[in-house]
Amino acid sequence: MKKTKRIISSIILFCNLISFSGCFSYRDINKLLFITSVIVDIDKDNRPILYVEAFKPFRSSSSGSERGQRVFLKGTGKTTYEALRDIHLSTSYKLNYTQHKAVIFTCRAAKVGIDNWLDIFDRHQEFIIRPYIAITNDNPEDLMKLKIAGQEYLGIIVKELIDNEGASTRAVRLALNEYLNRRLIGSKTEVITLIGIKKNVPEERVEIDGGAILKDDKFMEILPRTDGQGYNFLMNTLKTGSLEISNPQQENNFVSLNILSNRTSTDLTYDGKVIRLRKTINIKTNIEEIEKGLVLSSENIFKVKQKSEDNIKRACVRVFEKYKEQDLDIFQVKETLERKYPNAKVENPLKITELEVVVNENIEGSPDTQDFWD
C-alpha cells in the first residue's frame, strides 16, 4: 500500500514538473518591450501615425539589479493596424501590452474622428482596455521626449495624474473601456481627459488641463478646468477634493474646505413639454484652512456652509447652461430620458431641459475649540 502511494505521488510530481513553464535566466524578458503609452496622430493626408513609448528591461551585470531603458517607436500606414505592423517591423523585440497605461489622441486626429483608429484598441487581442484615454493639443514627440524628475514614462505619469483625482475637483477622468461602452449611447457625447505640457515653470511637466468634449467620436470643444468642478458635481464623478469660499469675517480672505465624500443623485421627469432634471448633491466637508481668522460659532459655520452651497450651485448651473446653449449633451440627458421614458420621442432633449440643483452640505469637525484668530 505504501509502495503504491509512493508511485502515485511520484507520477503526480513528475506531471507537475513537466507542465510548469517559466523563464530561464533573463533570456525571455530581455527580448520584450513593455508598452506604457500609445499616441495616435495623423499626417497631412489624414493617415494615422503611431507613437509608442516602451520599457526595455535588462539585467545589469555590474550591480546585479534590474534596470530599464525608455524606448520610442514610430509607425505609419494607411490604417492603425498597418502603422502598428510598421512598428513591429522596425524592432527585433516583441511588443508586450500588459503594462499599457494610456491611449492618447492628438486634437488634430480627434477633429477628424477617433472612430477611424479606435477599433484596434478594442479588437486587437493583445491590447487591454483598462488604460485611460486622453486628448492632447501638444506635439506627440514633445510629449514623448519630455523629461520629468522622478518619473520618466509618459504612460505612468498620465495614469498617476488621473488616479490622483483628490488633488483637484476640476480634473476629468475616463478609462478606455468606459468610453467604448458610452460612445454609442444617448447623444453620443462624452468628456475625456485633456493633458498638456505645463510651460513657463522651472521644469516642464505634464498636467491635466481640463477635458475634451467629443460628439460622434469627433472633437468639438475644450471643457476648461474652470468648468470641471460643476461638471464633476453634476455627473457624480467627484469624490474628494477641495473648495474655497470667502471668509465670512474677512471678505478678502478665504476658508478652504476639504471634501470628505460626495454623492449626486439624479431625478428626471418629463410631462410631454418640459424635461425637469433635478440633481441632489449630498456633500461632507471639513475646514482645512482659515486665512486671517474666523470664530467658529454656529452662526459663522452656517455662513460658511451657505456660501459653499451657493458656490456649488452656481458652478453647476453655469456649466449646464453654457453647454446647453452649445447643444452639447455632456450631462447624459438623452440617455437618462431614454432609460426612464423609452417610448418618448424627443428630437433634442437638452433644449427643453430645466435644471434644478439642491445642495446639502454637512461641515464636520468644526467645534469652537478649533477657532483660529489672528
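In a reduced charge model with +1 at each Lys and Arg Cβ and -1 at each Asp and Glu Cβ, the range 27-223 shows a dipole moment near 400 debye about its Cα centre. For the range 225-374, the spread of Cα coordinates along the three principal axes comes to 61, 24, 22 Å, biggest extent given first. Counting DSSP beta bridges with both partners in the range 225-374, what percentage is antiparallel, nearest 5? Antiparallel bridges: around 65 percent, rounded to the nearest 5.
Computed from the Cβ-Cβ distance with R0 of 22 Å, the FRET efficiency linking Ile128 to Gln69 stands at 0.45. Between Phe254 and Asn247, Glu291, the built amide H atoms are under 5 Å apart, and every one of these is 5 or more places off in sequence or on another chain. Compare Leu33, Leu238, Leu294 in a GNM of the chain, Cα atoms joined below 10 Å, and give the one with the largest fluctuation. Answer for the Gaussian network model of the chain: Leu294.
Taking every alpha-carbon pair within the range 72-123, the share separated by more than 14 Å comes to 63 percent. Only bridges whose two residues both fall in the chain count here: according to DSSP, what percent of them are antiparallel, nearest 5? Restricted to the chain, the bridges split so that about 70 percent are antiparallel. Plainly put, the range 27-223 has a radius of gyration that is 0.97 times its Kirkwood radius, both from alpha-carbon atoms, as the Rg/Rh ratio.
When the charge dipole of the range 225-374 is built from unit charges on Cβ atoms (+1 for Lys and Arg, -1 for Asp and Glu) and taken about the Cα centre, the candidate among Gln249, Phe320, Leu268 whose Cα reaches farthest toward its positive end is Leu268. Under 20 °C and 1.002 mPa s, how fast does the chain diffuse according to Stokes-Einstein, given a Kirkwood radius computed over C-alpha pairs? Answer in µm²/s, whole number. Value of D from the Cα-based Kirkwood radius: 89 µm²/s.
Each value in this text was obtained by applying a stated rule to the coordinates, not by laboratory testing. Quantities reported herein were computed from a predicted structural model and do not represent experimental measurements. When we count neighbours, we look across all protein chains shown, and the Cβ atoms used for this are built from the backbone with ideal geometry, even at glycine.
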